[in-house]
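Step one of this worksheet: look at the structure below.
The values are calculated or read from the model by the stated rules, or taken from the named source; none is laboratory data. Predicted model, so just to flag it, every value in this text is computed and none were measured. FYI the Cβ positions are ideal-geometry reconstructions off the backbone, even for glycines, and counts take in every protein chain you see. When the accessible area is computed, the model is the full protein with side chains, heavy atoms only, and any ligands, DNA or RNA have been set aside. Shrake-Rupley method; radii C 1.70, N 1.55, O 1.52, S 1.80 Å.
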Amino acid sequence: MKTDFTEDQLKSPAIQRSNEILRSCVHCGFCTATCPTYQVLGDELDSPRGRIYLIKDMLENDRDPDPETVKHIDRCLSCLACMTTCPSDVHYMHLVDHAREYIEDRYQRPLFERVLRWTLARILPYPNRFRVAMLGAKIAKPFKWALPDARLRAMVEMAPKTIPPVSRNDDPQTFPAREKPVKRVALMTGCAQKALNTDINDATIRLLTRLGCEVVVAKGAGCCGALTHHMGKTTESHATAAHNIRAWTAEMDGDGLDAIVINTSGCGTTVKDYGHMFRTEALAEDAARVSDIAMDVSELLMQLDLPEGTPKDTRVAYHAACSLQHGQQIKTHPKTLLKNAGFEVVEPADAHLCCGSAGTYNLMQPAISKQLKTRKVQTLEAKSPDIIATGNIGCMMQIGSGTGVPVVHTVELLDWATGGPKPPALRE
């Protein structure tokens, strides 16, 4: 694609990167075949190719975003299925992230929307605040019909039946390996996950220490910054990410780390991109070091001596989180691990399509999100599974709200298969 940025514009590192991405696009249209919003809405401007044209026009002309452009950019899930499909390796993620930052800086949203986004940015990344908000949402559930906005109703509906007690395993500490130590790893405990489901980190710690890992929960680490990053709130996202970088490099420079392990794939995609996010900042070198050793828990488990399990006569439908299969290009590890652990693993039709969770998308775009959830649940239930497994808390909450089949994290099943307790969701 031909671009016409001026020399002055190209002095900006962000414009330079977007220019590279735009020039790599040959507008072939392959991306439209796998874009969930294009399939649902049928509008070219709600496809990656259409959004690329909108972003190009906005950036080249250095113009303030108009409501139409903002609407179509906001409708993007950032599922990154287009990046998996693209034959030209167009790095759509960096382009749409730049567009969102540009919109945040130069577009005045309606007051209610500004308040809504401000509220989400100050609640979801903070586990204690999130717990209080979920308690309020539970109280409000019987009255959700009276709420005037679909987004408010979606937020109330998000509240789980039970809010788990705080797990002290998430506090800064070190868990020694149960066997001869083979690796020393830092576990990213996350933010929203600590409030929504404490079983995931607990199972991860049990499993990794059983397999010979010394597991460190680093002091000062917290939210990865993904939620605010995808809202275009760069200052806020970089501030929280910087805490992680400093916390983990302190461990790397101390007793050393073999890996930073992440069990929420949306966070993993962001942490692996820290090197790019901080490329022009003082933390550039340390950010790159962190990105270099960040890995999804399934990647780490493939390096460890995970014993084969005995057949459990349990049919597991595996849902591939977009941030894992498209963002990190990890497609086979979770399925291989589950099969080796003794589970029968099946996949739904159109496994490449998003479930509609996508960070805050199910809260900000509830109508589209619900259509995608319905599609995903139907394809999963068509496989008649005993359990649905996935590697991302957002997907777990989204799919779990639409099915009666138990939804658990992949690592919970692997922990169970290798000597850990049966996942709580399967005991109900």
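Listing for the model above:
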item	result
Cysteines, the chain, no other Cys beta-carbon under 4.7 Å	CYS25, CYS28, CYS35, CYS76, CYS86, CYS213, CYS355, CYS395
Cα-projected label distance for TRP145 with ARG279, points at 7 Å along beta-carbon direction, nm	5.3
Loop sites in the stretch 41-73: GluC sites (Glu not before Pro), DSSP, at most 14 other Cβ within 10 Å	none
Kirkwood-based shape ratio for the stretch 3-120, expressed as Rg/Rh from alpha carbons	0.97
Qualifying trypsin sites (Lys or Arg not before Pro) for the stretch 355-409 [loop in DSSP, other Cβ within 10 Å: at most 12]	none
Top positive-direction residue, dipole computed over the chain with Cβ charges, set ILE73, ALA367, TRP248	ALA367
Net charge dipole size for the stretch 320-428 [Lys, Arg +1 and Asp, Glu -1 on Cβ; Debye, nearest 20]	200
Solvent-accessible area per residue, Å², over the chain with all protein chains present [probe radius 1.4 Å]	42
For the stretch 384-421 and the stretch 348-378, distance of Cα centres in Å	17
Dipole magnitude of the stretch 94-184 about its Cα centre (Cβ charges: Lys, Arg +1; Asp, Glu -1), debye to nearest 20	340
Alpha-carbon gyration tensor eigenvalues x 5, square-rooted, for the stretch 10-67, Å	23, 14, 8
Over 29 Å (Cα to Cα) - which of LYS183/LYS233; LYS71/LYS233; LYS141/LYS376 fall in this group	LYS183/LYS233
Mean-position separation - Cα centroids, the stretch 280-338 and the stretch 122-174, in angstrom	27
Cα-centred dipole magnitude for the chain, charges only on beta-carbon of K, R (+1) and D, E (-1), debye, nearest 20	1320
Sparse-neighbourhood loop sites, trypsin sites (Lys or Arg not before Pro) in the stretch 55-114 - DSSP loop, at most 14 other Cβ within 10 angstrom	ARG63
Amide proton proximity set for VAL345, modelled H, under 5 Å, gap of 5+	VAL316
Rg/Rg_ref, the stretch 171-304, where Rg_ref = 2.2 N^0.38 Å and atoms are Cα	0.99
Rg/Rg_ref, the chain, where Rg_ref = 2.2 N^0.38 Å and atoms are Cα	0.96
Mean ellipticity per residue at 222 nm, deg cm²/dmol - from DSSP H runs of n ≥ 4 across the chain, formula -39500 (n - 2.57)	-14000 deg cm²/dmol
Most fluctuating residue given options ASN201, ASN244, ASN340, as computed from a GNM of the chain linking Cα atoms under 10 Å	ASN340
Ranking by accessible area, most exposed first, for TYR274, TYR53 with a 1.4 Å probe	TYR53, TYR274
